[in-house]
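The block underneath contains the structure these notes are about, expressed in structure tokens.
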Amino acid sequence: MDLHILDHRLRVTSISKNGLVNFTHPLIKLIFLRNRTRCKFFSLTETPENYTVVLDEEGFKELQPSEHLQVESSVWLPLNVVSNGNASSSSQAVGVTKIAKSVIAPLAQQHVSVFMLSTYQTDFILVREKDLSVVISTLEEEFNIYREVGGESVPVHCQDVHNGLQKNGKEAIQPTVHPVLIPQNQFCVMSLDPDTLPSIATTLIDVLFYSSSPKEGAQSTPSQDLDCIKFFSFSLIDGYISLVMDTEAQRQFPADLLFTSSSGELWRMVRIGGQPLGFDECGIVAQISQPLADSDISAYYISTFSFDHALVPEEDIVSVTDMLKHQRKESAPT
């Protein structure tokens, strides 16, 4: 298999809900006016707490400093696994599951923090630029590693990065098993032809910038598993659009423009974290993806500024819930 280090340097940011009005102009420019910006990697995810915006340096220039904007200090690099020339293989489990054992687990063992962004098309594993040498030395046995430079894929040899590299020698620590929330919404993972984006512009603006929470008067933070939560993700990356939304939001869009996989699968969410997770802890993604991989259950995984989110097929939600309960019991102090 091949691992590509993509030609983007990314920033991970958060816009507060009450500060969104200060950023609607640059966000609309980044979403709808591709010819007015040189941004090639843009992702916006709304959660009950905030808006997470992941974007390259050109896009980041569009966001003015503000008390409503939090910026994680690191530069992140997106990695992408390609097998047999295809970004995914349709016959097997998809999403983070297919890279759990080959990428996610080894990086967790080396104390490399990852930020996941699954899209309709593929999965991006974001790692801090400063961790790249550890990433390459950890994964070089499993993958042919390439770095994309100006549209060309250039092979990366480990000796190129070994200068000054120290393999992380820390003792492996037992990661915290975080609480999970399983909201009731059903989710869809879809795509859209970029040329038809203008046709849904008013609906997309309405859903992103003017929608209220699913239940009028509900608290902004869900407290029970029965709650539906606000979650909407839009990505425009290298010309490809990916959308993740619940079925309630989906009904607002014209059905003939959004396309989904042939199975038209519905997904349920596992939201990870009782408190905001931060960016330094390692193994959070591995903790969820490993048991899913063992059971061959597909999962899309979207990290945000505060919490992580795994989407699993609706028919698997009961077994996933049982699996996670068992994991919590196992990790509980005796």
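The values are calculated or read from the model by the stated rules, or taken from the named source; none is laboratory data. Because the structure is a prediction, the values reported are computed rather than measured. Heads up, the Cβs are rebuilt from the backbone with ideal geometry, glycines too, and the neighbour counts pull from every protein chain shown. What goes into the accessible areas is simple: the full protein's heavy atoms, side chains included, and nothing from ligands, DNA or RNA. Shrake-Rupley method; radii C 1.70, N 1.55, O 1.52, S 1.80 Å.
Solvent-accessible area of His157, all protein chains in place: 90 Å² (probe radius 1.4 Å, heavy atoms, ligands and nucleic acids excluded).
Taking all protein chains together and rolling a 1.4 Å probe, Tyr51 ends up with roughly 10 Å² accessible. Computed over segment 1-81, the Cα gyration tensor eigenvalues convert (square root of 5λ each) into semi-axes of 23, 15, 11 Å, ordered from largest to smallest. When Met269, Met323 are compared by accessible area at a 1.4 angstrom probe, the order from most to least is Met323, Met269.
Gain on full extension, evaluated as 0.36 nm per residue between Val21 and Gln121 minus their Cα-Cα distance, stands at 33.0 nm. Applying the Karplus relation 6.51 cos²θ - 1.76 cosθ + 1.60 with θ = phi - 60° to segment 246-257 yields 3J(HN,Hα) values of 7, 5, 5, 5, 4, 5, 7, 9, x, 5, 7, 9 Hz, where x marks Gly and Pro. Under a Gaussian network description of the chain, with springs only between Cα atoms under 10 Å, the residue in Asp131, Asp238, Asp316 that fluctuates furthest is Asp238. For the chain, the share of accessible area belonging to carbon and sulfur comes to 47 percent (1.4 Å probe, ligands and nucleic acids excluded). Length available on full extension from Gln327 to Thr176: 0.36 nm per residue minus the Cα-Cα distance, which gives 53.2 nm. Taking 0.36 nm per residue of sequence separation and removing the Cα-Cα distance, the Phe259/Lys29 pair yields an extension gain of 80.4 nm.
In deg cm²/dmol and to the nearest 500, what is the mean residue ellipticity at 222 nm of the chain if only DSSP H runs of at least 4 residues count, each as -39500 (n - 2.57), divided by the residue total? Walk me through the numbers on the way to the answer.
Details: 9 runs with 65 residues, N = 334.
That calculation yields -5000 deg cm²/dmol at 222 nm.
Using a simple spin-label model with pseudo-atoms 7 Å out from Cα toward Cβ, Phe209 and Asp280 lie 3.7 nm apart. Based on C-alpha pairs under 8 angstrom that are at least 6 apart in sequence, the chain has a relative contact order of 23 percent. In this structure the amide hydrogen of Ile229, modeled in the peptide plane, comes within under 5 Å of the amide hydrogens of Gln184, Asn185, none closer than 5 places in sequence on its chain. Ranking of Arg38, Arg271 by solvent-accessible surface, largest first: Arg38, Arg271 (1.4 Å probe, protein heavy atoms only, all chains present).
In whole angstrom, the chain maps to an equivalent ellipsoid with semi-axes of 29, 25, 20, each derived as √(5λ) from the alpha carbon gyration tensor and ordered largest first. Accessible area per residue for the chain, computed on protein heavy atoms with a 1.4 Å probe, is 47 Å². When the listed pairs Lys40/Lys98; Lys17/Lys101; Lys130/Lys325; Lys61/Lys98; Lys98/Lys329 are checked against a 30 Å cut-off, the alpha-carbon distance exceeds it for Lys17/Lys101; Lys130/Lys325; Lys61/Lys98.
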